[in-house]
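Each remark here refers to the structure printed beneath this line.
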Amino acid sequence: MNGYDALVLAGGRASRLGGRDKPGMVVGGIPMIERVATAVADASRLIVVGPPRPGLGRAIFRREDPPGGGPVPALRAGLTEVTAPWVALLAADLPLLTGEHVSALFGAAGAGDGTSGGADRSEDGAAGALGPGHHGPGGAVLVDDEGRRQWLAGVWRTAVLAEALAAYEGRSLRGLLAPLEPVQVRLAGEPWFDCDTLDDLEHVRSGS
């Protein structure tokens, strides 16, 4: 998939990890945030909302206001740097995500020349809410094994996301994104798996 930027949110407090540097924690010898960056290696721009860090030389770093203020302020800060018509919106702690998964998301959303990669659209996520002049869904998100939408594992039309964000006054990422009715994508494995606890880290490390 060409013609997209990647926006990675990496400024959380990691309270369930005792305040550790969650994006920098290593899985399979590689920091999780670098694994996420590899999954979007073909992005025109890599924008990271969080403190600057080594290993991401091509990244544009921005900070939310206030730092650690949550995903909506982080999205506001990062989206100002997005110039492509599509954006991958991702957490920094998705160590099982690959480029193939990202391509499947773009294919499900109808972006460019992406292919569906076996994605399964759910019954209630086949069409998105779009702004004027747009056709097809506004985005696509991964869903986990219980059918829960993973809001920081998705791709979006930049114009649709920016329009929704401009009109939104809440702090919940779900509250912002759910009304856009993205395509829901189920893929084999656990590409949606994020690491919030030490047990989560052990789970992915045991299989890496």
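When you check residue 58 against the structure, is it farther than 26 Å from residue 207 by Cβ and in contact (Cβ under 8 Å) with a residue 24 or more places away in the chain, yes or no? Spell out the reasoning first.
Numbers: farther than 26 Å from residue 207 by Cβ: yes; in contact (Cβ under 8 Å) with a residue 24 or more places away in the chain: no.
So residue 58 fails the test.
Tell me yes or no: at least one residue of the stretch 15-33 is within 21 Å of residue 158 (Cα to Cα), open to solvent by 10 Å² or more (accessible area, probe 1.4 Å) and not aromatic (Phe, Trp, Tyr). Please lay out each step first, then the result.
Pass one, the stretch 15-33, residues within 21 Å of residue 158 (Cα to Cα): none.
No.
Could you pull out the residue among 63, 35, 45 that is under 17 Å from residue 162 (Cβ atoms) and under 17 Å from the mean Cα position of the chain (by Cα)?
Working: 63 fails: under 17 Å from residue 162 (Cβ atoms); 35 fails: under 17 Å from residue 162 (Cβ atoms).
Being under 17 Å from residue 162 (Cβ atoms) and under 17 Å from the mean Cα position of the chain (by Cα) holds for just one of 63, 35, 45, which is 45.
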Just checking: which of the helices (runs of 4 or more DSSP H) contained wholly in the stretch 133-208 hold 3 or more residues that are within 18 Å of residue 89 (Cβ to Cβ)? 158-166, 173-177
Out of (1) closer than 16 Å to residue 72 by Cβ; (2) modelled with pLDDT under 95; (3) surrounded by 15 or more Cβ atoms within 10 Å (Cβ to Cβ), the odd one out for residue 173 is which? (2)
Filter result (open to solvent by less than 20 Å² (accessible area, probe 1.4 Å) and within 13 Å of the chain's Cα centre (by Cα)) within the stretch 135-157: 139, 140, 141, 142, 143, 153, 154, 155, 156
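Looking for whichever is open to solvent by 80 Å² or more (accessible area, probe 1.4 Å) and either under 19 Å from residue 137 (Cα atoms) or in contact with a strand residue (DSSP E or B) (Cβ under 9 Å, 6 or more places away or on another chain) (or both) here; the options are 202, 181. Which one fits?
On the way: 202 fails: either under 19 Å from residue 137 (Cα atoms) or in contact with a strand residue (DSSP E or B) (Cβ under 9 Å, 6 or more places away or on another chain) (or both).
From the options 202, 181, the qualifying one is 181.
The values are calculated or read from the model by the stated rules, or taken from the named source; none is laboratory data. Since the structure is predicted, the reported quantities are computational estimates derived from the model, not experimental observations. Virtual Cβ from ideal backbone geometry, glycine too; neighbours counted across all protein chains shown. Note: areas computed on protein heavy atoms with side chains; ligands, DNA, RNA excluded. Shrake-Rupley method; radii C 1.70, N 1.55, O 1.52, S 1.80 Å.
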